[in-house]
Structures are given as C-alpha cells and as structure tokens.
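Below is one structure, written out as structure tokens, with a few remarks after it.
The values are calculated or read from the model by the stated rules, or taken from the named source; none is laboratory data. Not measured: the values here are computed from a predicted model. We place every Cβ from the backbone using ideal geometry, glycine too, and count neighbours over all the protein chains shown.
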Amino acid sequence: MPFPKNIAFTSLIKVNGRLREFNFRQRGISHFDIDTTDERGNRYFFKMEKQEKSWKICDANLPGWIMENERLVAEAASNNSII
C-alpha cells in the first residue's frame, strides 16, 4: 500500500512591508493547512482549498492582513503543490 507524500514547507511572504513566515502542510491534492503569526506572537491557523484553478482561503474570522494577501499565499501554495 503506497503512503501519501507528506509535503510541508515554510514560505516568507512580504505583507504590509514586513516579512511573515507562513507554514504550509499539504493534505491531499487540493487542501493545505497553513499557520502564521502576527507581530504579537498570536498564531493563526487556516485552510486553503483548490477551487477551479486557484487556491482560496476557506476560513472566516481571519485578520484583514491575511485576507488582503490571499493572492500571495495562494501563489506560494501553487508553487509548492504536488499537483
């Protein structure tokens, strides 16, 4: 029985003039679990899902700086995805 690949990586993304570390873990071919921190050390966990041909954030109640930079996070996901 083949085991699924465990794809995990970290990407630095410039958000509002600051580099933020985003940690990605791929769950299947169309889902990512992602976490990041703000300047106060609060950690935010959210999911991205592949819809049509682009990656979209699935969770609500995230800070604006994450939602406003969804395109940059999606680019990092698509550049490192196994599909």
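Against the test of being within 9 Å of the chain's Cα centre (by Cα) and of a type outside the set (A, V, I, L, M), the options Lys14, Lys5, Lys47, Lys53 yield a single qualifying residue, Lys47. Within region 54-61, is even one residue without any contact (Cβ under 8 Å) to a residue 12 or more places away in the chain and out of contact with any Pro (no Cβ under 8 Å at 6 or more places or on another chain)? Taking every residue of region 54-61 in turn, at least one turns out to be without any contact (Cβ under 8 Å) to a residue 12 or more places away in the chain and out of contact with any Pro (no Cβ under 8 Å at 6 or more places or on another chain). Highlighted here are the strands (runs of 3 or more DSSP E) found entirely within the chain that include at least 3 residues which are in contact with a Ser or Thr (Cβ under 7 Å, 6 or more places away or on another chain) and modelled with pLDDT of 90 or more: 18-26, 43-51.
Please verify whether region 64-83 includes one or more residues that are in contact with an Asp or Glu (Cβ under 7 Å, 6 or more places away or on another chain), in contact (Cβ under 8 Å) with a residue 12 or more places away in the chain and charged (D, E, K, R). Checking region 64-83: not a single residue is in contact with an Asp or Glu (Cβ under 7 Å, 6 or more places away or on another chain), in contact (Cβ under 8 Å) with a residue 12 or more places away in the chain and charged (D, E, K, R).
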